[in-house]
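Data block below; observations after.
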Amino acid sequence: MVLLLRALITVGLIISFACHAGTKTVSVITLPDYAPFGFLDNGDTHVVKVAPGEDSPVFKGFAWDVVRESFHEMGYTVELWVVPWARALTYLDNGRVDLIFPVSISEERLKIYRYSKEYVNTVYYRIYVLKEQPIEWESLSTLEGKTIAQMRGFNYGAKWEQANDIKKYDVGGIFQGFEMLKSRRVQGFAGYEGVWDIVLQQHDLEDDIIKLPMFDSNKEFIAASYGNPMAKKLLKQFDLGRQRISENGTLMRIKHKWSGLLSEQSEAPAQRN
């Protein structure tokens, strides 16, 4: 009887160990107010573990669907963290989480982050101006000498970075930028098409503010800190999962799901900056 009990305990431990060993978890972090790529229904923080076949009850978005389905395809449970962007970068830098998304490539970021090869989504950059004060657009040089609001910490691509004759004014929120535009404290607001459009709709500003032609674009990726010893492996797992969902039709279903909110140019080629 004692021997039988010991045998059962041993088998139980083996099964428990095997199940634990087979559990793969990756922690990813993102921001709460980046619709249609990722957004919380309420609040600005959220932490949840999402096993394959499951989803967060309150966080939605195109980029989140791509990241979640890619890792689920590889058998990972995704531990999702949603916090304000500055805090997200801090958590990534201090190793509290494995990966951050969606993030574009810049020379400064390449010094501290390692990126996936497969992209998550594409963003298109436009300048938003008052309808009653239109600007005859040719290129970014049209804005020389003008004060243009930009989101603090956001990447707008190499062309914007090199436009030194524009007076760039940092703001902490999209609606704040539109308020400054409405009060004529700035002559324009550099934005991400789609993301900015949703804020316009939410605040009934579509009749007052228009957007100028696209001046640049970028693809956004998943990134990891160089200090993370698992970075290469996890990024490769995302790349493989992303390739698989592209091949099996899951990615196409995600694009169809969000087609009404994504930019009309979402399938256009975009450069990496």
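Summary table below
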read-out	value
Contact order normalised by residue count of the chain, Cα under 8 Å, 6+ apart, percent	26
Residue-normalised accessible area of the range 55-182, given per residue in Å² at a 1.4 Å probe	44
Loop trypsin sites (Lys or Arg not before Pro), the range 163-262 (other Cβ atoms within 10 Å of the site Cβ: 13 or fewer; DSSP)	Arg184, Arg185
Shape of the range 123-217, Cα gyration tensor, a/c cut at 1.5	rounded
Whole-angstrom gap from the range 36-104 to the range 127-184, using each part's C-alpha centre	29
Entries of Lys211/Lys255; Lys111/Lys219; Lys159/Lys255; Lys117/Lys146; Lys60/Lys168; Lys24/Lys257 with Cα pairs more than 26 Å apart	Lys159/Lys255; Lys117/Lys146; Lys60/Lys168; Lys24/Lys257
Within the range 196-249, GluC sites (Glu not before Pro) in DSSP loop having at most 15 other beta-carbon neighbours inside 10 Å	Glu206
Fraction of accessible area attributable to carbon and sulfur, the chain (%, probe 1.4 Å)	52
Largest to smallest accessible area among His256, His203, His72 [probe 1.4 Å]	His256, His203, His72
Over the chain: helical MRE at 222 nm, DSSP H runs n ≥ 4 each giving -39500 (n - 2.57), nearest 500	-10500 deg cm²/dmol
Relative contact order %, the range 39-98, counting alpha carbon pairs below 8 Å whose residues are six or more apart	41
Charged-residue dipole, Cβ positions (Lys, Arg, Asp, Glu), the range 132-273 about Cα centre, Debye nearest 20	960
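The values are calculated or read from the model by the stated rules, or taken from the named source; none is laboratory data. Quantities reported herein were computed from a predicted structural model and do not represent experimental measurements. So basically every Cβ, Gly included, is an ideal-geometry build from the backbone, and we count neighbours across all protein chains shown. These accessible areas exclude ligands, DNA and RNA; they are computed on the full protein's heavy atoms, side chains included. Shrake-Rupley method; radii C 1.70, N 1.55, O 1.52, S 1.80 Å.
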